[in-house]
Amino acid sequence: MFHGVRVPFFDLKNQNLKIKSEAIEKFSEIFDSAAFILGEEVIIFEKNMAEYLGTKYAIGISSGTDAILVALMALDIRGSDEVICPSFTFFATASTVVRLGGIPVFVDVDLADFNISWEKIREKISTKTKAILVAHLFGQMASMDEIIKIGREFNIPVIEDCAQSFGAKRHERQSGTFGKVGCFSFFPTKNLGGFGDSGLVCTDDDDIAEKIKILRVHGMKPRYFHRYVGGNFRIDEVQAGLLNVKFSHVEAYIANRRKNAAIYLEALNGLKSIVLPKEIEGNFHTWNQFTIRVLEEKRDEVCQALQASDIGYNIYYPLPLDAQESLKPFVDPRSLTSNAMLASKEVLSLPIYPELTSDQILHVITTLKQILH
Ligand SMILES: Cc1ncc(COP(=O)(O)O)c(C=O)c1O
């Protein structure tokens, strides 16, 4: 049945329209300054981020992937070093380890929040383990209290992949501030989304911050004297400037996402064959994704109904990392990450972006109720 309401999975146009004049003014300032590399806007952005997150250092980076890569480089991860990673996350969480010659050691996830199962980390730690890399998936933090304890027990640093968790908190403390280094992405679909690629690392550690700043510019200090083999990991001045504009609105974006999630949670409660996501006690969920589980192999049917009703959806992620072709050589054959495999068959993310109208949300709810009553 055609309702005349279209619900794209994600739509940035409205969000951007509301800040168009501010953004264009900022772009015009940067254009006139002709200072495009590590200029004033980057300094302001880094100050904004350090204040918001509550860390001593925040360092703008070229992307979320590069933020993880440079964090691992700063911790000296290299050939045959093992890094504990969740098996259900975006590829970059583990590919960065492999790019440095390291070995990702996959740990299964909990179906309650799709984050790494902290109880299963200990059994994967060996003498070669050099870091625990945790991803906070879909806008909700993993069990950091327990994971930090494990890190301390074995004297292994914890790195947080906060690409999806900007603004998420556990007991009022920001994601990215629990481990040694927090790594953020400002890919346009994130809660704080830029106008292209960009990222950030945050840390309280003086030495790591200094090393990351040097690695960001080809390991160079002083100029043309290369202490490390780094890379060009600089955040772009234009991105930093436009992110400064967007940053002043991010709390409102997050509040709207939370409001949309609350509507879904109430309206979809009790529907057959699905499991709704939940905010774990003590967590502040920022709903970068609203991801339900569709049971009994009904996901295709639900997807078809959404499609027929002009509703966008996405499947994050259709294949766990330990089953990815390129990562198979690194997978311990004894390690079965069965929840991750089940999740990949059941997950379905619904539109949750801040500018969804009540008509659009209602259309999603009505469509799901029609098929899952
Ligand atoms: C969990 C996770 N890690 C890492 C990344 C990589 O970030 P970026 O796309 O900015 O390189 C993403 C985003 O796409 C992500 O969702």
> What number of residues within the stretch 64-102 satisfy the criterion of being assigned to a loop (DSSP other than H, G, I, E, B), polar (S, T, N, Q) and surrounded by 24 or more Cβ atoms within 10 Å (Cβ to Cβ)?
Replying inline: 2
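State whether the residues of the stretch 121-138 include one that is within 16 Å of the ligand (Cβ to nearest atom) and in a loop (DSSP other than H, G, I, E, B).
Step one: filter the stretch 121-138 for residues within 16 Å of the ligand (Cβ to nearest atom), giving 131-138.
Now restrict to residues that are in a loop (DSSP other than H, G, I, E, B): 136.
Within the stretch 121-138 (the criterion being within 16 Å of the ligand (Cβ to nearest atom) and in a loop (DSSP other than H, G, I, E, B)), the answer is yes, since at least one residue qualifies.
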>> Can you tell me which of (1) surrounded by 20 or more Cβ atoms within 10 Å (Cβ to Cβ); (2) over 18 Å from the mean Cα position of the chain (by Cα) is the one Cys183 doesn't meet?
In response: (2)
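If you scan the stretch 219-261, which residues turn out to be of a type in the set (Val, Ile, Thr) and in a helix (DSSP H, G or I)?
Pass one, the stretch 219-261, residues of a type in the set (Val, Ile, Thr): 229, 235, 238, 245, 250, 254.
Val238, Val245, Val250, Ile254, listed by residue number.
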> For the stretch 335-365, what are the residues that are out of contact with any Leu (no Cβ under 9 Å at 6 or more places or on another chain), of a type in the set (Val, Ile, Thr) and surrounded by fewer than 19 Cβ atoms within 10 Å (Cβ to Cβ)?
Replying inline: Thr357
> If Arg152 satisfies every condition in (1) touching a helix residue (DSSP H, G or I) at 6+ places or on another chain (Cβ under 8 Å); (2) in a helix (DSSP H, G or I) but one, which is the exception?
Replying inline: (1)
> Is the stretch 225-234 home to any residue that is among the charged types (D, E, K, R), surrounded by 17 or more Cβ atoms within 10 Å (Cβ to Cβ) and within 25 Å of Lys369 (Cβ to Cβ)?
Replying inline: no
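Identify the residue in the stretch 74-93 that is out of contact with any Asp or Glu (no Cβ under 6 Å at 6 or more places or on another chain) and under 16 Å from Ser117 (Cα atoms) and, among all such residues, is nearest to the ligand (Cβ to nearest atom).
So the first thing to find is which residues in the stretch 74-93 are out of contact with any Asp or Glu (no Cβ under 6 Å at 6 or more places or on another chain), and the list is 74-86, 88-92.
Next, only the ones that are under 16 Å from Ser117 (Cα atoms) stay: 83-86, 88-89.
Values: Val83: 14, Ile84: 15, Cys85: 11, Pro86: 9, Phe88: 10, Thr89: 5 Å.
In this case the residue turns out to be Thr89.
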>> Can you confirm whether Gly39 is of a type in the set (Gly, Ala, Ser), within 16 Å of the ligand (Cβ to nearest atom) and surrounded by 15 or more Cβ atoms within 10 Å (Cβ to Cβ)?
In response: no
> For the stretch 186-209, how many residues are surrounded by fewer than 17 Cβ atoms within 10 Å (Cβ to Cβ) and either within 30 Å of Asp11 (Cα to Cα) or out of contact with any strand residue (DSSP E or B) (no Cβ under 9 Å at 6 or more places or on another chain) (or both)?
Replying inline: 4
>> Within the stretch 201-209, does at least one residue satisfy the condition of being assigned by TED's automatic domain parsing to the domain that holds Lys130, part of a loop (DSSP other than H, G, I, E, B) and more than 16 Å from the ligand (Cβ to nearest atom)?
In response: yes
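The values are calculated or read from the model by the stated rules, or taken from the named source; none is laboratory data. Keep in mind that what you see is a predicted model, and the values were worked out from it rather than measured. We place every Cβ from the backbone using ideal geometry, glycine too, and count neighbours over all the protein chains shown.
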